[in-house]
1. Pull up all non-local amide H partners of SER309: gap of 5 or more, or a different chain, and H-to-H distance under 5 Å with H placed in the peptide plane.
2. Note the angle between two axes, namely the Cα long axis of helix 220-232 and the longest principal axis of the Cα atoms of the chain, as a number of degrees from 0 to 90, rounded to the nearest 10.
3. With a point put 7 Å past each Cα toward its Cβ, work out how far ALA233 is from LEU333 in nm, to one decimal.
4. Region 148-200 to region 75-116: how many Å between their Cα centroids?
5. Give me the one-decimal nm value for the distance between modelled label points at ARG307 and THR285, 7 Å along each residue's Cα-to-Cβ direction.
6. Mind ordering 278-284, 136-142 by average Cβ neighbours within 10 Å, highest first?
7. Given a 1.4 Å probe, how much area per residue of the chain is accessible, in Å²?
8. For region 140-288, what is the charge dipole size about the Cα centre, in debye to the nearest 20, if Lys and Arg each add +1 at the Cβ and Asp and Glu each add -1 at the Cβ?
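The values are calculated or read from the model by the stated rules, or taken from the named source; none is laboratory data. Please read these numbers as outputs of a predicted model, since none were measured by experiment. Because the Cβ atoms are built from the backbone with ideal geometry, glycine has one as well, and the counts that use them run over all protein chains shown. Accessible surface is based on the protein model in full, side chains and every heavy atom, while ligands, DNA and RNA are left aside. Shrake-Rupley method; radii C 1.70, N 1.55, O 1.52, S 1.80 Å.
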Amino acid sequence: MSVAPATKAPPSRDTSLSFGARHWSIIGIEGLLIWLAAGAQVHGLNVITPTLSAEYGIDNNTLLAWATPAALGGVLGGYVVAKTCERKGARLNILASLLVCGLAFGLIGVLGGTIPGFFAMFFLVNFFGSGFGYVGGLNLISNWFPRKKNLALGFVTMGQTMSTAMFVPILAWALGLFGVKGGFWFMAAIMFVMIPIVYFFVRDYPEQYGRTPDNLPMTPEQIEASRTSVTTARPSFSTRQLLKMKDVWLIALGSGGVYIMLTGMLSQMVPRQIAMGIEQGQAITNLSIAAFIGVPGAFIWGWLGQRFSSRNILLVYTSWWMTAILINTFFALNPVTLWISLIMIGFSFGGATSLTTSIVADKFKRSDFVGAFGVIQPLQGCLRSCSFAILAFGIANLGGYTGAYSLLLGIGVLTFILFFLVKPAPISQDELETDVAVEAAAV
C-alpha cells in the first residue's frame, strides 16, 4: 500500500483526549519518573541539606552552595543521555539511569557527611535523574505524542507537581523513621521498583506495540511504514548546526530563566517560611497544600499550550511567575497574600517542564526532538544550576530573601524578553514535516 507524501502542517491545536490504554500507561509511567527526578534533584533539598547539616555539623548554606556545581551533573547528563538516546533509544537509557541514580541517592545519607561525598553523590543524582526523568522520559512523550505533546505533558507534569506535595514529606518521614543513613534508601528503593515496570511496559515508539502516534487511526500498513520511518531515521542536524540557530539559544536561555525562578523559589519554600516564623512542620504542610492545589494547573498549562501554542503561553506563564514572586517577596507577611503567592507558585509547578519541552517539540520533528533537546536542555541546565548560587548570594549580601527574590524577579523580566523574541513558526517548514505515515493518517 502506498502512503501519501507528507504535507506541511503547523502543530496540532486538537485538544481531544482520545488516547489508548498504552498511551495512558506511558503518560503514567513518565509521571512517576518525573516525580522521582524532580524530588531527588530539586524538591528534596528542602530537607536534604538541613538534615545533613544537623547530622554531620556542616553549615546548611555551604551545602546549598555546593549543590550548585553538583547540579551541573544534570547539564552533562542532558547532553550525554540525549546522544545515547539517539543511538540506543530512550528505554535503555531510562533503565540504566534509574539504577545509578537510585544507588547515588541512597548513598547520600552514608557519604554526605563530607563535602566531597555530598558533591559526588548529588552530582550523580542530577546526572542520572535528568537521564531518566527529563531526557529519556520526555523523549518517550515526544515519540508517542508528536502532535499532542502539550496535552500529554500536562498530565505528566501532574507527577512533577505531586513531587512537591509528596516527595518532601515522604523523605522527611523516611529520614525520621530509618535515620539519615537508612532514610535515603527508602526513596532509592522506589527508583529500583520502576526498573522492571519500564522494562516490561515501555517501548521507544508506539509503533513497536502496533499502536499509532497520538492514537491516530491508521491501517496496519501505515503503522508498519511509520515504524520503519522512525526506527531508521537519522538526525537532520548536528550539534554544531543546532548551536548556530538563534531560536535554539533563545529557547534555551528563556527556559533556563524559567527554571531559575522555579528552582529558586521551590527549593527554599520551607526555609523561607521558617525565616518568617512559621514552624517547619507547618511550612512543609503549606508547601504540600499549595502543590495539591496546583495539580490541576499542570494540565491547564498543557491545555493552553496545545490550544494557543507553547511560545505564546510561555509569555503568559513567565508573567504569572513574576507576579507570584513579587507578592511573595514584598507582601508575604500578610497571611492572605502569603497564601495567594503560595497558590500561584503551586499552580505554576507543572507548567515549566510542559511548556519548555513542548516548544522544542513544536520546532523539531519527532526524529530530531531528542537531538535538539539534548542541546537546549544542558544550556537551560547551566542557568538552572545557578539558582542555588543566586539564592546564596542574595541571602548573604542583599538583605536575605527579599534581596534574593528580587534577583529572581529581574531574571523573570529577561526571560519574558527572550521568549518574546522566539519566532512562533518552526525552525524550517521543510525540515519540520511530520513523519509520512502520521501526516497521512491525520488527513
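1. Here nothing satisfies the definition.
2. 60
3. Modelled inter-label distance: 5.6 nm.
4. That distance is 15 Å.
5. Here the modelled spin labels are 3.6 nm apart.
6. On the way: 278-284: 14.7, 136-142: 28.4.
Highest to lowest by the protection proxy: 136-142, 278-284.
7. Values: 16020 Å² over 443 residues.
With all protein chains present, the chain gives 36 Å² per residue.
8. About 360 debye.
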